[in-house]
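Take a look at the structure below.
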Amino acid sequence: FNVAMSRARDQVWLFHSVKAHDLSHEDLRYRLLRFFEDPPVVDPLFEELDRLERACRGPRRRGAQPEPYESWFEVDVALELLRRKFRVRPQVDVAGYRIDLVVEGLDARIAVECDGDEWHGLEQYAQDMARQRQLERAGWTFVRVRESDFYANRQRAVTAILEACEELGIRPVDFVGDPQDELPRALAPDRGSPTAVDAEMPVLSEDPEQSAAESEMSSSIVGPFTGYSEASAFPDPREASPANVREVLRQIIERDGPLTRPSVYRLYVEGCPDLQRVGKIVRQALNSALGAMLRAAEIVQEDELRDGSPEGQVVRIAGTPAVNVRPAGRRDLLDVPPSELIAILERRTPRRSAETNDEELFRILLEEYGFQRLTRPRREYLAKVIGRFRERA
């Protein structure tokens, strides 16, 4: 074990004939298999957060801020993002320029410029704007934060960054599920009382403060996707017997179906205390169980978007209705099956579907489920749904 695990320079391939559930948890082979199945993520985020938190406990002398930050203002902005578990890199060199903070996702990044209140002159300001325009032409997205605005209302200032992150699909490191499965936890609204459903609010909001505080007008008490938490104690699909995994999946689909595949994964993870995310091994185990259920005709699956995408693959218990129109509950629009959304459009636009433009159809769906904001992932998903709706019309 020592030689095999410590001598490799680039990667290790492990061939094995036993499963983790065949071994004692004290067995070294069990520990090795679990490491390969779910390797620990080594991320400097938490070290950086701890470093800055400790630095902020001491006196704040000018010029004594932690390296490489250029001011305590930059440190405070970085801390707000790190506490929300975003990856942040300070003082990033790009094409001969330096960006104060860069927030990174899996396939996107945002530049955050911290504009201090100390005035450095018109020439310096012009240079900063020219640099920003040059980098924007190279594909960078910028968010500028003024020092006075930040300390007057931190929540509003940080919300502008979080909304820009959401638009580009940049998620916190503890985000559970596929990128389009749910809103990032750092910006997830407080799902308050059921009475919020009747509130009259605009469909789209450009006000950052209102957007941050908006209620998505759905209840975590009633409706779909309720009751899944660590208290459910679902078995770990990487170790549990296939029969046990299938039984849990049946309970989930029976309770909340029809469900898209990503929604099934998400609900299983929510109810399993041993899981933090839908990793590759977890997804394979759940897909294997779902495949067995399909072959046994326990469940039915339909490709409702006709494009093979995961969000179009909808499963339900055999013999149950293909469409189940209900309130949003704890679902995001991305969790609502295409057939349910199409049923709403058919009901709301019975004779004028061909005359209704896409923006109006977006508004109808947002309004129906009590949402306000048409984020990029929602728009992309609903555009596919509307395409199918028009084909059927």
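Laid out as a table, the results:
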{"item": "Residue in the range 272-290 that is more than 22 Å from the chain's Cα centre (by Cα) and among the aliphatic types (A, V, I, L, M) present", "result": "yes"}
{"item": "Scope the range 112-125; condition out of contact with any helix residue (DSSP H, G or I) (no Cβ under 7 Å at 6 or more places or on another chain) and not acidic (Asp, Glu); matching residues", "result": "Trp119, His120, Gly121, Leu122, Gln124, Tyr125"}
{"item": "Candidate set from the range 88-104 (those that are touching a Lys or Arg at 6+ places or on another chain (Cβ under 6 Å), open to solvent by less than 50 Å² (accessible area, probe 1.4 Å) and not polar (S, T, N, Q)); member that is nearest to Arg376 (Cα to Cα)", "result": "Glu104"}
{"item": "Candidates Glu340, Glu298, filtered to the one that is of a type in the set (Asp, Glu), under 27 Å from Glu247 (Cα atoms) and over 25 Å from the mean Cα position of the chain (by Cα)", "result": "Glu298"}
{"item": "The range 54-87, residues that are hydrophobic (A, V, I, L, M, F, W, C) and open to solvent by 20 Å² or more (accessible area, probe 1.4 Å)", "result": "Ala55, Cys56, Ala64, Trp72"}
{"item": "Enumeration of residues in the range 140-166 that are outside any strand (DSSP E or B) and of a type in the set (S, T, N, Q)", "result": "Ser148, Asn153, Gln155, Thr159"}
{"item": "Any hit, the range 310-317, residues being surrounded by fewer than 19 Cβ atoms within 10 Å (Cβ to Cβ) and without any contact (Cβ under 8 Å) to a residue 12 or more places away in the chain", "result": "no"}
{"item": "Hits in the range 117-175 - residues which are under 24 Å from the mean Cα position of the chain (by Cα) and basic (Lys, Arg)", "result": "Arg144, Arg154, Arg156, Arg171"}
{"item": "The one condition in (1) surrounded by 15 or more Cβ atoms within 10 Å (Cβ to Cβ); (2) small (Gly, Ala, Ser); (3) over 16 Å from Tyr69 (Cα atoms) that Ala130 fails to fulfil", "result": "(1)"}
{"item": "Residue ID - least open to solvent (accessible area, probe 1.4 Å), chosen from residues in the range 346-389 that are in a loop (DSSP other than H, G, I, E, B) and basic (Lys, Arg)", "result": "Arg373"}
{"item": "Single condition Ile281 does not satisfy, out of (1) within 14 Å of Glu239 (Cα to Cα); (2) among the aliphatic types (A, V, I, L, M); (3) open to solvent by less than 40 Å² (accessible area, probe 1.4 Å)", "result": "(3)"}
{"item": "For Arg295: the one exception among (1) modelled with pLDDT of 90 or more; (2) farther than 18 Å from Asp256 by Cα; (3) crowded, with 20+ Cβ neighbours inside 10 Å", "result": "(3)"}
{"item": "Residue identified as in contact (Cβ under 8 Å) with a residue 12 or more places away in the chain and of a type in the set (Asp, Glu) among Asp107, Asp50, Asp27, Asp10", "result": "Asp107"}
{"item": "Qualifying residue in the range 350-366 (condition: touching a residue at least 40 places away in the same chain (Cβ under 8 Å), more than 22 Å from Ile253 (Cβ to Cβ), of a type in the set (D, E, K, R) and touching a helix residue (DSSP H, G or I) at 6+ places or on another chain (Cβ under 9 Å))", "result": "no"}
{"item": "Some residue of the range 88-101 being aliphatic (A, V, I, L, M), touching a Phe, Trp or Tyr at 6+ places or on another chain (Cβ under 6 Å) and without any contact (Cβ under 8 Å) to a residue 40 or more places away in the chain", "result": "no"}
{"item": "Residue in the range 33-52 that is more than 25 Å from the chain's Cα centre (by Cα), at pLDDT 90 or above and among the charged types (D, E, K, R) present", "result": "no"}
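Per-residue answers, yes or no, for (1) in contact (Cβ under 8 Å) with a residue 24 or more places away in the chain; (2) assigned to a helix (DSSP H, G or I); (3) under 18 Å from Phe225 (Cα atoms); (4) not acidic (Asp, Glu):
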residue: Ser263; (1), (2), (3), (4): yes, yes, yes, yes
residue: Arg277; (1), (2), (3), (4): yes, no, yes, yes
residue: Ile281; (1), (2), (3), (4): yes, yes, no, yes
residue: Ala285; (1), (2), (3), (4): yes, yes, no, yes
residue: Leu290; (1), (2), (3), (4): yes, yes, no, yes
residue: Ala297; (1), (2), (3), (4): no, no, no, yes
residue: Val300; (1), (2), (3), (4): no, no, no, yes
residue: Arg306; (1), (2), (3), (4): yes, no, no, yes
residue: Arg330; (1), (2), (3), (4): yes, no, yes, yes
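The values are calculated or read from the model by the stated rules, or taken from the named source; none is laboratory data. Computed from a predicted structure; not experimentally measured. Glycine also receives a Cβ, built like all others from the backbone with ideal geometry; neighbour counts cover every protein chain displayed. Heavy atoms of the whole protein, side chains included, go into the accessibility calculation; ligands, DNA and RNA do not. Shrake-Rupley method; radii C 1.70, N 1.55, O 1.52, S 1.80 Å.
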